[in-house]
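Take a look at the structure set out below.
The values are calculated or read from the model by the stated rules, or taken from the named source; none is laboratory data. Only a predicted model underlies this, so the values are computations on that prediction, with no experimental measurement involved. When we count neighbours, we look across all protein chains shown, and the Cβ atoms used for this are built from the backbone with ideal geometry, even at glycine. Remember, those area values only see protein heavy atoms, side chains included, never the ligands or the DNA or RNA. Shrake-Rupley method; radii C 1.70, N 1.55, O 1.52, S 1.80 Å.
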Amino acid sequence: MAGVPVVDALGPDGEYRTRTRELVTDPRGTPLVDLAVVPRLYVTRSVAAQRRAAPLPITERAAALTRAAEIFSSTRIAGLDLAGYVDLTCRASGLPLPVARAGAEVVAESLATAFDAVRAALPAGVTLDWRDQPGGGVWARRGEVLAVHAPGNAPGVHGLWPQALALGYRVAVRPSRREPLTAHRVVTALRRAGFRDVDALYLPSGHTGADDLVRAADLALVYGGTDVAERYAQDPTVFVNGPGRSKILITAEQDWRDHLDVVVDSVASLAGMACVNATAVLYEGDPAPLARALADRLDTLPALPNTDPGAALPTAPIDNARAIAAYLGATAVGTTPLLGADRVVADLGDGYAALRPAVHLLERPDPRILGAELPFPCVWVAPWSRADGLAPLRHSLVITAITSDEQLLDRMVHDPTVANVYRGDVATHHSTPQIPHDGFLADALMRNKGFVSR
């Protein structure tokens, strides 16, 4: 289609223009991308080719990742400069334009710092290369090929898997058909920077192709909701990035008014679409004033087209938005709506809507409701007491704990269902290369081996 960027598969022998194509559209139905769809056999053959290839030397990998960051940000890929790529990503995904732009910056920074993240995960006393020591521990790959089943809710997720390239893996990425551009831009930048075609693949496919990719690779990084997490829970070769259910706890000796800014930021930043956004806020005391103040702040976010430079809320086709609101309404039965499901859908015309924030007050910290995570700024506020203990806080990607109680912090840090604990005024979405997300990716990809040379 004239004027629509053509995005082909990127296989082990270069670009692959498939006969089967799919048009990626915006919520109005306007075509945005002419996307390849690869057949299942091509997926398995491509991964087999990756397994036959040895990794590049570590120094070449490090230099190429650094160059890729610059290429990602400064060159035209698929006919798009960075601004054009950000614009199409915004329109395809429903992300607000400022969030899509920030996500692109995260990807570039993550490429440049991939080795920093890898070194932060390196166990003490262990080396990346057996040549570096006469005897001790060596970090060794658990396999050779990593499959990535990517989501479409945020470009920044594509900043994680390049760490596998740093470690010597070959990587095959199946992009989300909702937002296929970021993965294509990253893989192209990596190839232009010095990685071989066989090192990083871009394989758009149907759902059956996704299953084939996971089975064909040695290990897989998979994103998804509760259903995906449960599907792969017993598979040791699959590292699942599932729901975040991130939370904030404020204990009684703290004045919540002093911390309202970080609460609002944790809920609303990134358009509320990320696993690191706060889904629940618990307060040791009467939570109603806190909930009302939070609702007042979130209610000021404007319902704008997501392509507007001032947009802060996600958009979706109006039928999808109504389905989300209906699910919220059913989940919230028995709670007190301060910003309820009846006002979530902001019709913008042309068949799509912005998703306004939702705030609900609970009488008790019901873990079932506190864990209900939706792709927009939606938060549950509940009382918490010492008698409740950790039960309402478990199964959290991040807990921001605003407390002086070090024994409570100890219990959170050592709870096996809590991935990260941030103490004080730290937003739940805070990240650096040195801080694990859901553990370091290298935890799943590498193992320690003994090595002696005489």
### Considering residues of the range 321-333 that are touching a residue at least 12 places away in the same chain (Cβ under 8 Å) and open to solvent by 50 Å² or more (accessible area, probe 1.4 Å) only, the residue nearest to GLY371 (Cα to Cα)
TYR327
### Query
Within the set of pairs 6 or more residues apart or between chains, which connect a residue that is of a type in the set (Gly, Ala, Ser) inside the range 219-247 to a residue that is modelled with pLDDT under 80 and open to solvent by less than 40 Å² (accessible area, probe 1.4 Å) with Cβ atoms less than 7 Å apart?
GLY242/GLY224; GLY242/GLY225; GLY242/VAL228; GLY242/ALA229
### Task
Check PRO155, PRO180 and return the single one that is surrounded by 24 or more Cβ atoms within 10 Å (Cβ to Cβ) and closer than 18 Å to GLY11 by Cα.
PRO180
### Task
Say whether the condition of being touching an Asp or Glu at 6+ places or on another chain (Cβ under 9 Å), modelled with pLDDT under 90 and not charged (D, E, K, R) is met by at least one residue in the range 117-137.
no
### Query
Which residues, taken from the range 148-164, are within 8 Å of the chain's Cα centre (by Cα) and outside any helix (DSSP H, G or I)?
PRO151, ASN153, ALA154
### Task
Give the residues of the range 411-429 that are surrounded by fewer than 16 Cβ atoms within 10 Å (Cβ to Cβ), in a loop (DSSP other than H, G, I, E, B) and free of Cβ contacts under 8 Å to residues at least 60 places away in the same chain, sorted by residue number.
PRO416, THR417, GLY424
### Query
Looking at the range 430-454, which of its residues are of a type in the set (Val, Ile, Thr) and either open to solvent by 70 Å² or more (accessible area, probe 1.4 Å) or closer than 25 Å to PRO367 by Cβ (or both)?
VAL452
### From the options LEU338, LEU374, LEU355, residue that is under 30 Å from PRO305 (Cα atoms), open to solvent by 10 Å² or more (accessible area, probe 1.4 Å) and within 26 Å of the chain's Cα centre (by Cα)
LEU374
### Query
Where in the range 21-134 are there helices (runs of 4 or more DSSP H), lying wholly inside it, with at least 2 residues that are open to solvent by 10 Å² or more (accessible area, probe 1.4 Å), over 20 Å from ALA200 (Cβ atoms) and touching a residue at least 60 places away in the same chain (Cβ under 8 Å)?
82-93, 97-112, 114-121
### Query
So, of the residues in the range 1-20 that are in contact with a strand residue (DSSP E or B) (Cβ under 9 Å, 6 or more places away or on another chain) and in contact (Cβ under 8 Å) with a residue 60 or more places away in the chain, which turns out to be nearest to ASP197 (Cα to Cα)?
PRO12
